[in-house]
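This report concerns only the one structure given below.
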Amino acid sequence: MSRIEPKKATISPQEPWLEYRTMATPRKTSIGVIEIIDDEMARVLRFKTGPERLRIAAGMFASARRMLLTYLKAEHPDWSEQQIQREAARRLSHGAI
């Protein structure tokens with residue numbers, strides 16, 4: 001099996017403030033590895049309109065919230081629905097609530 005060589009980061013001429021890397025070049029951080037979007041997906045997303053991007057983000061947030069609620073219910077079966085909802089809100093707001 002051949003090894004996939006990492007691709008260099010590319011900078012979009014239309015959006016020079018954004019740096020795109022491929023999934024073959026994950027960044028390592030102190031908390032683990034952050035997967036970076038590949039070039040083809042970055043190209044697709046660049047052509048999305050503002051409302052389309054917001055719809056995608058809203059769907060991702062809703063999915064994360066559902067997963068968090070499921071996790072909290074499993075970890076704290078003795079908590080009331082209100083406690084679970086409050087804890088999910090606190091975590092999703094980074095403690096602002």
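For this structure, a couple of remarks:
- Among (1) within 20 Å of the chain's Cα centre (by Cα); (2) within 20 Å of ILE97 (Cα to Cα), the one test that LYS73 misses: (1)
- Candidates in region 36-84 are the residues that are outside any helix (DSSP H, G or I), surrounded by 11 or more Cβ atoms within 10 Å (Cβ to Cβ) and not aliphatic (A, V, I, L, M); of these, the one that is modelled with the lowest pLDDT is ASP38.
- Taken together, the criteria place ARG3 among residues that are exposed (fewer than 10 other Cβ atoms within 10 Å of the Cβ), at pLDDT below 80 and not hydroxyl-bearing (Ser, Thr, Tyr).
The values are calculated or read from the model by the stated rules, or taken from the named source; none is laboratory data. Because the structure is predicted, anything quoted here is derived from the model rather than measured. Note: ideal-geometry Cβ built from the backbone for every residue, glycine included; neighbour counts use all protein chains shown.
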